[in-house]
Amino acid sequence: MSVFMLVSALMSGALVGALLGLFGGGGSVLATPLLLYVVGVRDPHVAIGTSAAAVAVNAAINLLGHGRGGRVKWPCATVFAGAGLLGSFLGSSLAKAVDGQRLLLFFAAAMAAIALSMLRSPRSEGDPNVRITLPLMMKLAPLGVLTGLAAGFFVIGGGFLIVPGLMAATGMTLANAAASSLLSVSVFGAATSLNYALSDQVNWPVAGIFILGGLGGGALGVRGAALLAGRVVLARRLFAGLVLSVAAYVAWRALGF
C-alpha cells in the first residue's frame, strides 16, 4: 500500500464516519466512490465489499455513542435489523452476479434517490417513549427484509430507507430513528461484506485503514449531531447536493466517459 493510498483511505474513512455520526445514515453511500476514485481501488466489486466492511464497523462504533446518549430504541432496532439480515445477504448475492460497471450505474441511481429523499424536510415530531408491541413487530419485520435486500444489492448502508421505515412503523422521533438505524446499517454491512469476502472481494488492509479513519470522524460526527440539532434540515440539504454530484460522476465514469 502506497503512502498516498494509506492517507487517502484514512481521510476517506474519517469523512464517512463523521457523516454517519451526524445523520445516522447517508454517509456510507460515499464509501464506494471514495474507494474507487480517491483511494484507488480498481475493481468495483472489491470496492463495494471493502466499503461494506468498513461501514459496518464505523456504524457499530457510532451506534455505541448514540446508545450511551439514550437515543437508540433497542427493541425496535433489533427487530428491524434481525429481519433484514437475510434480505441483505440475498441482495448482495444478486449484486455479485452483476457486471461491475452496470452495478455502478445501479449504485449511482440509488445515490440519486438517497439525495432526493434527504431534500425533503424530515419530521421532528414523534413519540420519544415508543415501546415494542406485537403490532409494531408485524410492521417492522417486513420493512426490515425489504430494506436489507435493497441495502445488500445497492451496497449502501440503507439509512435513508431505515430512518423513515422506523418512523413510519413505530412513530418514534427522527432523532431516535437516526440513532436506531445504525444497528441495521452495521448488520446489513456485515452481512454484505461477509458475502463478498467469501468471493475474496474485500481488501482487508484498506478496510482497516478506512475503519481507523472512521473512529475519529465518527466521534466528531456524534458530537456534531447535537450541535446541529437546530440546523439539521439545512445540513441535510447541503449534503444531498454533494451526493447528487457524486452520483452524476459515478454514472459518468461507469458509462465510460
Report the extension gain between A248 and V38 in nm, rounded to one decimal, defined as 0.36 nm multiplied by the number of residues separating them, less their alpha carbon distance.
-> 74.0 nm
In nanometres, the difference between 0.36 nm per residue of separation and the alpha-carbon distance of L86 and L134 is 15.2 nm
What longest range of the chain stays clear of loop-exposed trypsin sites (Lys or Arg not before Pro) (DSSP non-H/G/I/E/B, at most 13 other C-beta within 10 angstrom)?
-> 132-257
Tell me, F239, F107 in order of fewest to most beta-carbon neighbours within 10 Å?
-> F239, F107
Stretched out fully, how many nm does the piece from M5 to R237 gain, at 0.36 nm a residue minus the Cα gap?
-> 80.5 nm
In whole angstrom, how far apart do the alpha carbon centroids of region 153-214 and region 36-83 sit?
-> 3 Å
For region 1-125, rounded, prolate or oblate, judged on the Cα gyration tensor with a ≥ b ≥ c (square roots of eigenvalues), a/c < 1.5 rounded, else prolate if a/b > b/c?
-> prolate
Gyration tensor (alpha-carbon) shape descriptor, region 2-63, a/c threshold 1.5 | prolate
Inter-site label distance for A141 and L116 at 7 Å from Cα along Cβ, in nm = 3.2 nm
Taking other Cβ within 10 Å of each residue's Cβ, how do T173, T50, T192, T78 sort, fewest first?
-> T78, T173, T50, T192
Within the chain, which complete DSSP H helices have Cα atoms spanning at least 18 Å along the helix axis and a mean Kyte-Doolittle hydropathy of 1.0 or higher?
-> 3-23, 74-96, 100-119, 134-154, 174-197, 204-227, 232-254
If the label point is 7 Å along Cα→Cβ of A197, which residues in region 126-152 have backbone nitrogen under 18 Å from it?
-> 152
Does region 111-223 classify as rounded, prolate or oblate by the C-alpha gyration tensor (a ≥ b ≥ c root eigenvalues; a/c under 1.5 gives rounded; else a/b over b/c gives prolate, otherwise oblate)?
-> prolate
Most exposed first, judged by fewest Cβ atoms within 10 angstrom, I48, I211 run I211, I48
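Values in this text are rule-based calculations from the coordinates and carry no lab data. None of these values were measured; they are calculated from a predicted model. Cβ sites come from the backbone with ideal geometry, for glycine too, and all protein chains shown count toward neighbours.
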